[in-house]
Every structure is written in C-alpha cells, then in structure tokens.
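Q: Sharing a structure, written as structure tokens. Questions coming.
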Amino acid sequence: MSKSAQAWLLFALACVLYGNTLSFGFALDDKIVITHNQFTKKGLDGIGDIFSNDSMTGFFGVDKKLVAGGRYRPLSMATHAIEWEFFRDNPFIYHLVNVLMYALTVYVLFLFLSNLFRAYIKDDKQWYLQLPFLVCLIWLIHPLHTEAVANVKGRDEIMSVLGGIAAMHFYLNYWDNQKKKDLIIAILCFFGSLLSKESSIVLIAVFPLALFFFREAPLKRLLRPTSVFVLTGLAYIALRFVVLGSAKLDSSLELMNNPFINASGTEKIATLFLTYILYFKLLIFPHPLTHDYYPKHIPIVDFSDPLVLLSVLIHIGLLVVLLRNWKKWPLLSFGILLYFISFSLYSNIVFNIGTFMNERFLYLPSLGFAVILGAFVARSKVNVKLIPPLLVVFVLLSSWKTIDRNFAWENDFTLATTDVLTSSESAKAQMGAGSALLEAAQAETNPVKKKELLQSSMEHLYRSIQIHKTYFPPMILMGNALAEAERWEESLAYYENCLKLKPGDKDGMNNLEYVGQKSAQNNLHSTSVKAYNMLLKQSPQLRYYNALGELYGKNMGDLNATISIVSQGLERFPNDADLLQKLGVAKAMQGKTIEALKLFQTALNIKPESARLHLNVGVAYQNLGRKDSADYYLQKALEIEPELRLN
C-alpha cells in the first residue's frame, strides 16, 4: 500500500472511531468555551475580545485567574466563535470539526514519521508492520484520547498537537531540502500551536532531539532549529505577557484547585509518584476511564505505599534504560524522552496544575508511549506470522474501548452519572452527578420519577459534602434539591451553611429568600421567619423587613413582633411608605388609631398616589368619628383604584 493510501487509511479510521460523537451534545467545560462564553457568542465580532483576554474571561465576565499562570488560547477559542457565527449552538458541527482535526493530526503525524523514521522502513516488511504506520496506529486508537476528541473543549489540545506536529514536519522538510517556504510554514504552524494551547512549548526540546537521533545531526547544527522554535516561543510569550501580564504561579488556597494543600512536602512527592504510576497504568491498560481525578479520588500517600515505591523504581528504570541505550537504541531513547518532556508540564512539579491528574494530559505523551511500543515491536523476535493476528486483536480491543468510552461524553448527564461510578471518592464527581440528577428532576413531570431522581441527587450531594465538608457547590445544590422536594426546613440548614462559607453570596441569598417565600405560602411560618432573619443578618435589605413584617402581622397575627421588626426597618429606611403603612396597620389593630393615622399620613406624603394608603387614612378617620374626612379619603382611594369597591 502506498504511503498516501496508508495516511488516508489512518484518517478514515480516526473518523470511524469517533463517528458516534457526531450525535452528541455539549458537555462539561464546553459551556466555558462555547455555550456560556460571551465572547464566543458574539461570533466573528468576539474574536478581538478572545485575542485580547484570558481564555476564561468570556465565561466569568472578569479575569478571575483561577488557574496558575492564566490561560491564553485564543486560536482554538476563535474557531468556536467562527462556528457560532454560522451554526450557533448546533453541536454536530463542533464535534465534526473535532473529529476531522483529529483525523488530520494522525494524517500529518504519519507523513512526519515516515520522513523522520525513513531509516526504519524495510522493503521486506508488510506496510502495516512498518514503524511509521505502527506508531500512528497505536497512538490513533488509544482510548485515552476520547476526552480530547469527544469533548468539544478538547479542541485546544487537538489543535496544539496538530500545529506542533505540522511544525516539526515542515521543519524536517526544510532540514532535508533547504526550502525557505517550509521554514516559514513551520514557524507559522508552531506559533498557531502555541496560540491553541501553550503546552506545546515543550516541543522546543523535542525537535532537536529528533534531528539528533534520526538525522545524526551534530550538536552545533542543532542550534539553528532550536533557535527557530525558541524565538517563536518567545514571540508567543511576549504576546501572552502583553495580554495577560506577568504569570502568577501562586497556588490556590482551595482544596479543589490545589489538591496538595493539606499534604506535607514528603506526602506531596509520594502522591506525585502515585499519579505517575497511574498514568503509566492507563497507557498500558486504559480502564476504567474517568474525566475526574479531583480530591479525594486520589488519596494523599507517603513513601510506605507499595505503588509509590514501584513508581519510583519504574521511573528510575526508564532513566537507566535511556542512559544505557542512548546511542545503540535511539528509537527507544527518543520515545522515553518524548514521554518525559511532553509530560513535564503536567507533572505538578513545574507548577500546580490544579488537580492530581487528568487523562487528556496524556494526549501528547501517549505519542512517546507509541514510539516506545513501536521500538519493541520493531525489535521483536516473535514469529512474524503471529504479529498480524495479535495486531488485529489489539486494534479491535482498543477501538472497542474508544468507541464505548465515547458514549460517556454524550452530554453532562451521561458523563456525570457514568464517571461517578469510577471516581466515587471525588467530591467534584459526586457533586457533578448530584447536579445532573437535580436538573433531570426539575425537568421531570412524573411525580414518582421526580422523587426518585431527587433522592438519588441528594445521595450524591451528601456524599460530596462528606468528602469535602467545606465544599460550597454541593452544599448550595443540596439546599436546592431539598427545596425542590419541598423540604423547606432542611434546605434552610444548607443555605445557612452556604452563607457561613460565603457571606452575602448572591445565589445563597436568593435561594434563602425563595425558601422564606415558599414556607410562608405553605404556612410553615417559623421556617419562613428563620429564613428572613438569616437574610437580615447577612444583608439588612428593605424587602426583607417588609416581607417579615407582613409575615408576622398578616400570616401570624403577632402584632408586637410586627411592630418590632418594622420599627427596626424604619431605623434604616425611615422614608419607606410600605414600612410606615405596616406599622400603622399594626397600631390600628392594637386600637392606637391616632398613632396609626399619623403613620398613614406620613406614608401618604411619601406615596401620594397609593389607593391603599388613602383607604387606611379614611378608615382611621372613620374610627375616630370624623365622617367628612373619612369620606374624602375613601372616595379618593376609589378614584385611584376603583376595584377597591370589591374589598
């Protein structure tokens, strides 16, 4: 089979593997970059904002700097703005672009490796056993890539690697043929790669190594390609600095953004080695897969853990193999270095990445793994007749796992409810499942199913809070779930805890007010009183005083309590006509008609068009026996609001 045919075969296989994602919706962080991003939703008009702000700003509205160093990935974000301009929120197009870009990546990778590994291409071998095809096939079908491809947000990962590989491909052509056109394209591709996701900056170290191992380039000659990529990288860093300012690498003080916050120095290092062996295991045996490795899915461990010791031995072993085979087995050495270098940014050593680990972080490092595996197959002394059937089994198993795993990414509900089974000790995974089930319950019209969904939601949310007792999102969601189940008193307790964690939180305040209103409507007066008192403690707003005054007076008939709370309100809002009227009504009901009349008149001066105040003044005069004045105000009330005749 010709080289071109092999490349197109790989392209087609990529499309087949991820074809089922075309019917999927948006999931997880897609809302950050697409559906809830104000810059993306401007379409073409938002591209300027995308290039002049942190990648998170369009979602949050401000630069919150939630992650170390910030994020500047305008090129991949711009593709979403273009898609939105022409296709709005049609997920089919976004998924189609992801699949085609992934297929194009493996196509370009094959062209690059066919040139880079040309010395390993043997005429006596079948095309499917040739090293370039084999490495591309192993990389292409690896199930770890599902997060990058099946989740639209993974576009940044795909474009970054595509641009990086294309840059190396064209620079290799320039190295071999000295055509300046190839050099210019290589520079543009690498710059585009960095603008898609900054992690491809590690390729500055990878490409000179490729020339060293496979073109036997002397060290002096490596300065030129290195300088080309370094200068391009510096241009990106300069642009990034202009837009974002200096990178701040301060670690977050919140567990969910800094999983090592409670670990000692030794425990952190030990836990890092634990994650490294888990990564290694996923490369070899990618099951089970999950998008969530947040605390406490990965436990904090020390060096007494057997897996930590095994991890240390494996990584030392890889370094020993690298040093001992530097010259005699360049393919293996290159694969090991490619893995280590591309993984370095995600190691939590250079800077805190905000989580223990993530499967998408192996998107580029898995290419190093594919090269290592290809190196062993190339040297394998297994009977050549056994290799094709073994390869078929390997391809079928990996392909099945990839296609099957894709289905988890169909939408937020499938992802959350699938991955919580694997990440059962993750506070975030449990919260995500609880949130997805709560949304389903809110949309459900069947009372029995609604109750089941709510119960399941609360179980996950409760578990999330158990894992991380000061985790705000599941706490407020638990309050929402209980409110949806009309368990007002219980929901109140969770909102109270929310406001202890985040005093004055807007959502917490709004939800607490809702509970106060619904409790009053359901004659749960003590719960409603408690809700409004909590609100007043957080923020003494006028409407809370009015609501609580009405609750005490109209619903509970407690005039003394009404007078007390309304009087407190008037100390802060002395010119509020509604509070004055409520106090007047309470006084009138106590038989203090003259005091009530003065209050009504004061309120009427503030709000002269109020029919209700005219009515109250008229009734007060009536009770005092002043018929003329009473008739005047009662008539005025009816002129303003004729329907008062019905009262």
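Q: Can you tell me which residue among L66, L75, L96, L44 is farther than 17 Å from R155 by Cα and at pLDDT 95 or above?
A: The match here is L44.
Q: Let me ask another. For A416, which of the numbered conditions (1) assigned to a helix (DSSP H, G or I); (2) open to solvent by 20 Å² or more (accessible area, probe 1.4 Å); (3) not β-branched (V, I, T) fails to hold?
A: Single failed check for A416: (2).
Q: Cβ-Cβ below 6 Å, separation at least six or inter-chain, first residue in region 468-483 and open to solvent by less than 20 Å² (accessible area, probe 1.4 Å), second of a type in the set (F, W, Y): which pairs?
A: As it stands, the answer is M475/Y494; M478/Y494; G479/Y494; G479/Y495, since those pairs meet every condition given.
Q: Sticking with this one: Return the pairs, sorted by first residue and then second, in which the second residue is modelled with pLDDT of 95 or more and not in a helix (DSSP H, G or I), the first residue lies in region 394-411 and is among the β-branched types (V, I, T), the beta carbons are less than 9 Å apart, and the residues are 6+ apart or on different chains.
A: Pairs that qualify, where the first residue is among the β-branched types (V, I, T) and the partner is modelled with pLDDT of 95 or more and not in a helix (DSSP H, G or I), are V395/I141; T402/Y18; T402/I141; T402/H142; T402/P286; I403/Y18.
Q: Just to be sure before I move on: is N262 at negative phi and touching a Gly at 6+ places or on another chain (Cβ under 6 Å) in the structure I sent?
A: No, not satisfied.
Q: Would you check which residues across region 622-637 are open to solvent by less than 100 Å² (accessible area, probe 1.4 Å) and part of a helix (DSSP H, G or I) and list them?
A: Passing the criteria: S629, A630, D631, Y633, L634, Q635, K636, A637.
Q: Here's a follow-up. Has region 341-354 got at least one residue that is surrounded by fewer than 19 Cβ atoms within 10 Å (Cβ to Cβ), under 30 Å from K122 (Cβ atoms) and in contact (Cβ under 8 Å) with a residue 60 or more places away in the chain?
A: There is at least one residue in region 341-354 that is surrounded by fewer than 19 Cβ atoms within 10 Å (Cβ to Cβ), under 30 Å from K122 (Cβ atoms) and in contact (Cβ under 8 Å) with a residue 60 or more places away in the chain.
Q: While we're on this one: Which members of region 17-41 meet the condition of being open to solvent by 20 Å² or more (accessible area, probe 1.4 Å), part of a helix (DSSP H, G or I) and in contact (Cβ under 8 Å) with a residue 40 or more places away in the chain?
A: Selection gives G19, N20, L22, S23, I32, T35, K41.
Q: Shifting gears a bit: From L646, L604, L579, which residue is farther than 27 Å from S539 by Cβ and at pLDDT 95 or above?
A: L604
Q: If you don't mind, another one. Can you give me the ranges of the helices (runs of 4 or more DSSP H) entirely in region 67-179 with at least 2 residues that are closer than 30 Å to L255 by Cα and within 21 Å of the chain's Cα centre (by Cα)?
A: By residue number, 74-87, 146-150, 155-177.
Q: How many residues does region 511-527 contain that are within 35 Å of the chain's Cα centre (by Cα) and not charged (D, E, K, R)?
A: 7
Q: Please state which of the following conditions S456 fails to meet, knowing it meets all the rest: (1) among the polar types (S, T, N, Q); (2) open to solvent by 40 Å² or more (accessible area, probe 1.4 Å); (3) part of a helix (DSSP H, G or I).
A: Evaluating S456 over (1) among the polar types (S, T, N, Q); (2) open to solvent by 40 Å² or more (accessible area, probe 1.4 Å); (3) part of a helix (DSSP H, G or I) leaves (2) as the failure.
Q: Separate question: Of the residues that sit in region 374-408 and are of a type in the set (V, I, T) and at pLDDT 90 or above, which one is least open to solvent (accessible area, probe 1.4 Å)?
A: Residue satisfying both the conditions and the ranking: T402.
Q: Moving on. Of the numbered conditions (1) of a type in the set (D, E, K, R); (2) part of a loop (DSSP other than H, G, I, E, B); (3) surrounded by 21 or more Cβ atoms within 10 Å (Cβ to Cβ), K582 satisfies every one except a single condition; which is it?
A: Here K582 meets the rest and fails (2).
Q: Enumerate the pairs (first residue in region 220-241 and under 14 Å from Y171 (Cα atoms) and without any contact (Cβ under 8 Å) to a residue 24 or more places away in the chain; second residue anywhere and open to solvent by 50 Å² or more (accessible area, probe 1.4 Å) and assigned to a helix (DSSP H, G or I)) with beta-carbon separation below 6 Å, excluding pairs fewer than 6 apart on the same chain, so at least 6 apart or on different chains.
A: Hits for this filter: zero, empty list.
The values are calculated or read from the model by the stated rules, or taken from the named source; none is laboratory data. Bear in mind the structure is a predicted one, so any value in this text is a computation, not a measurement. All Cβ positions, even for glycine, are placed from backbone atoms using ideal geometry, and neighbour counts span all protein chains on display. The accessibility values were calculated without ligands, DNA or RNA, using every heavy atom of the protein model including side chains. Shrake-Rupley method; radii C 1.70, N 1.55, O 1.52, S 1.80 Å.
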